[in-house]
Structure formats: C-alpha cells, structure tokens
Amino acid sequence: MANNIKYFIGNWKMFGVPKSINIPKKINNFIKSDKNRGKYKVIITPPYTLLQSFSRFMKNKRIKLGAQNCFYKDPFSSNTGAISPYMLKNLDCKFVIIGHSDNRLEGDNEKIIKNKIRLALKNNLNVIFCIGENANQKRKNQTFNTLKKQLIRSLEKRFNYKKILIAYEPIWSIGTGKIQSSVNLLKTAIFIKKTLKNIFKTKKSIPILYGGSVEGNNIKKFKLLNEIDGFLIGGASRSSKNFIDIIKNYYR
Ligand code: PGA
C-alpha cells in the first residue's frame, strides 16, 4: 500500500438494507469520471447482512469491500452470532475494521484484538486497526500513552505491516462534530508513525487514517496534513452525496 495514496473508508455501522446498494453504485459512478481517481482508494464497510450482495456488485468495481469487525476464532466455531476472518475472506472482503471503540466498549480487549488482527492477516485481509483516547484521557494529557499501549499490546513485529492501516479515532470526536486541532493531529500522527516503526523495526511508513466527525465541510483542513493518509468516515458515509462531497472537497 503506497503511502501517497489516500483512503476514503465508509464505516456504515448499523445502517443499510439491500436497496442501499444505490449508495456504492452512485459513488462508483462518480469515481469512474473523477480526474483524481488515481490518487485514492474507496472502501465501504456495510453490516455483515449486506456483505454478500455488495460483494457481487463490487467485483471489478473501483470500490473495495470491507467488514466492520470479525471474531477472534477461525475458521469455524460454536460461538453464536460470530463471523470469522475466514468467512469474510470467502465473501471477497478485502478489508476489516478491528478495535473500533464501539467494540472495545462491548468488551474487546487488547488480547482479543490482537487475535483478531492475527487471524485477519492470516486470511490475507487488510486490517483497519482503530485506536484512540477518550475525553478523560485527553483531559489528563494521556493521549500518547493510551495510543502507545493500544499499539504495543495488539501488534507484533511478526505481523505483516504492509496489510495494516491505523485509524486514529479520538473517541470524543466520533459522531460529536468535534474535531482534533490540526497541530495536535499532526503531532499525534507523527507519534503513531514513530511508535509503529519501533514495533515493526522498519523505516517504512504505515498509513494513518483519521476518523471522527469527518464531513464535506471540514475535510479541507486535513489536506495540508501530509501525515494523514486517509479517513474513516461514519455518519457522512451513509449518503452518496455526503461521501462524494468529501472526496471532491478534499481535492478542490
Ligand atoms: P463519525 O464516525 O464519522 O460518525 O464520527 C467515525 C467512526 O466511528 O468510524
């Protein structure tokens, strides 16, 4: 994954029914005619229920398919309601979000997350690994410490870092309209990249995405932040117009 490529990733969360395929259809049409299309990749992560039908549509399209989570066992198990990385791979999923703060709140700890990442990589999935501090940690100046722990405890040197993207999502920024200041964001992205280089003992830079209230009307401010390689977009990815506006305004 070349680092000059930007990623626009739509995290639909609990949204969508089969006819919502119109959203990726419209986005795909936009990308086809966009003169900047060589500069970015688009990934949509619908809920599990839509993966199969979306996967059929996305064959040979410019949008790639991702899942919002996976289970920490593989390939099959007796856990009711669980979906394994192996099952995702067999649906032609190329990406999977792991460690989202929603799932951490529901009980995903660093050990579980590490297992999920390991198994996702084993199945050749690209991992969008979410990290981020909460409002309390931010107030107490514990952002870097929190991020470092999250990275160190769930990543291992032997993991294939070429298949990992880090999504930095401050929890206080998700769905709130509050955005990290550019200076802080830059400092944080540099800190994350440095920590990753230490973990993987590499000089190569791993893509860092930003997530938290990204929209068409605030995307411009990220343009100057070279260290930010893309965006994990929640609310604004549920409408083709909003999602397309984000891409358009980023390159305007
Ligand atoms: P948001 O969500 O864009 O609605 O803030 C981002 C996310 O949770 O991935």
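Inspect all residues belonging to region 42-58 and state whether any of them is farther than 21 Å from V96 by Cβ and touching a helix residue (DSSP H, G or I) at 6+ places or on another chain (Cβ under 9 Å). Let's see the steps before the verdict.
If we filter region 42-58 for residues that are farther than 21 Å from V96 by Cβ, which is where we start, we get none.
No, that holds for no residue.
Got a number for residues in region 223-241 being buried (at least 17 other Cβ atoms within 10 Å of the Cβ) and within 13 Å of the ligand (Cβ to nearest atom)?
Total meeting the criteria: 9.
Of these, K148, K122, which one is touching a helix residue (DSSP H, G or I) at 6+ places or on another chain (Cβ under 9 Å) and under 20 Å from L209 (Cα atoms)?
Numbers: K122 fails: under 20 Å from L209 (Cα atoms).
Selected residue: K148, the only one of K148, K122 that is touching a helix residue (DSSP H, G or I) at 6+ places or on another chain (Cβ under 9 Å) and under 20 Å from L209 (Cα atoms).
Which one is surrounded by the fewest Cβ atoms within 10 Å (Cβ to Cβ), of the residues in region 149-189 that are β-branched (V, I, T) and within 10 Å of the ligand (Cβ to nearest atom)? Give the steps one after another, and end with the answer.
Going residue by residue through region 149-189, those that are β-branched (V, I, T) are 152, 164, 166, 171, 174, 176, 179, 183, 188.
Next, from what is left, pick out any that are within 10 Å of the ligand (Cβ to nearest atom): 171, 174, 176, 179.
Working: I171: 21, I174: 20, T176: 12, I179: 17.
Taking the candidates together, the pick is T176.
Going by what's in this entry, would Y250 be described as within 16 Å of the ligand (Cβ to nearest atom) and either open to solvent by 40 Å² or more (accessible area, probe 1.4 Å) or in contact with a helix residue (DSSP H, G or I) (Cβ under 8 Å, 6 or more places away or on another chain) (or both)? Write out each step before concluding.
Working: within 16 Å of the ligand (Cβ to nearest atom): yes; either open to solvent by 40 Å² or more (accessible area, probe 1.4 Å) or in contact with a helix residue (DSSP H, G or I) (Cβ under 8 Å, 6 or more places away or on another chain) (or both): yes.
Yes; evaluated as a whole, the condition is true for this residue.
Taking strands (runs of 3 or more DSSP E) that do not extend beyond region 1-110, which have at least 2 residues that are modelled with pLDDT of 95 or more and in contact with a Ser or Thr (Cβ under 6 Å, 6 or more places away or on another chain)? Steps first, please.
Working: elements: 6-11, 40-45, 63-67, 95-98.
Those strands (runs of 3 or more DSSP E) span 6-11, 63-67.
Every residue in region 78-107 that is under 27 Å from S53 (Cβ atoms) and within 16 Å of the ligand (Cβ to nearest atom), please.
Hits for region 78-107 are F95, V96, I97, I98, G99, H100, D102, N103, E106.
Taking region 114-140 on its own, how many of its residues are out of contact with any Cys (no Cβ under 8 Å at 6 or more places or on another chain) and either touching a residue at least 60 places away in the same chain (Cβ under 8 Å) or within 24 Å of G175 (Cβ to Cβ) (or both)? Walk me through it before giving the result.
First, the residues of region 114-140 that are out of contact with any Cys (no Cβ under 8 Å at 6 or more places or on another chain): 114-115, 117-118, 121-124, 126-140.
After this cut, where a residue has to be either touching a residue at least 60 places away in the same chain (Cβ under 8 Å) or within 24 Å of G175 (Cβ to Cβ) (or both) as well, the list is 126-140.
Matching residues across region 114-140 total 15.
Collect the residues in region 34-54 that are open to solvent by 60 Å² or more (accessible area, probe 1.4 Å) and not polar (S, T, N, Q), keeping them in residue-number order. Before the answer, list the steps.
Here is the first cut: in region 34-54, the ones open to solvent by 60 Å² or more (accessible area, probe 1.4 Å) are 35, 37-39, 41, 48-49, 52.
Scanning region 34-54 gives K35, R37, G38, K39, K41, Y48.
For region 193-207, does any single residue satisfy the condition of being within 16 Å of the ligand (Cβ to nearest atom) and in contact with a strand residue (DSSP E or B) (Cβ under 6 Å, 6 or more places away or on another chain)? Before you say what the answer is, go through the steps one by one.
First pass over region 193-207, keeping only residues within 16 Å of the ligand (Cβ to nearest atom): 207.
Within this subset, residues satisfying the condition of being in contact with a strand residue (DSSP E or B) (Cβ under 6 Å, 6 or more places away or on another chain) are 207.
Yes, because at least one residue in region 193-207 is within 16 Å of the ligand (Cβ to nearest atom) and in contact with a strand residue (DSSP E or B) (Cβ under 6 Å, 6 or more places away or on another chain).
Pairs only if they're at least six apart or on different chains, beta carbon under 7 angstrom, first in region 228-252 and within 17 Å of P207 (Cα to Cα), second assigned to a loop (DSSP other than H, G, I, E, B); list them, first residue then second.
If the second residue must be assigned to a loop (DSSP other than H, G, I, E, B), the pairs left are D229/N3; D229/P207; G230/P207; F231/V214; L232/E169; I233/V214.
I166: closer than 22 Å to K35 by Cα and touching a strand residue (DSSP E or B) at 6+ places or on another chain (Cβ under 9 Å), yes or no?
Numbers: closer than 22 Å to K35 by Cα: no; touching a strand residue (DSSP E or B) at 6+ places or on another chain (Cβ under 9 Å): yes.
The answer is no for I166.
Taking S53, is it over 17 Å from G10 (Cβ atoms) and either of a type in the set (S, T, Y) or within 16 Å of the ligand (Cβ to nearest atom) (or both)?
On the way: over 17 Å from G10 (Cβ atoms): no; either of a type in the set (S, T, Y) or within 16 Å of the ligand (Cβ to nearest atom) (or both): yes.
Against the criterion (over 17 Å from G10 (Cβ atoms) and either of a type in the set (S, T, Y) or within 16 Å of the ligand (Cβ to nearest atom) (or both)), S53 does not qualify.
Of everything in region 79-103, what is buried (at least 19 other Cβ atoms within 10 Å of the Cβ) and among the hydroxyl-bearing types (S, T, Y)? Give them in sequence order.
S84, S101
The values are calculated or read from the model by the stated rules, or taken from the named source; none is laboratory data. Computed from a predicted model, the values in this text were never measured in an experiment. All Cβ positions, even for glycine, are placed from backbone atoms using ideal geometry, and neighbour counts span all protein chains on display. Note: accessible area is taken over every heavy atom of the protein model, side chains too, but ligands, DNA and RNA are not part of it. Shrake-Rupley method; radii C 1.70, N 1.55, O 1.52, S 1.80 Å.
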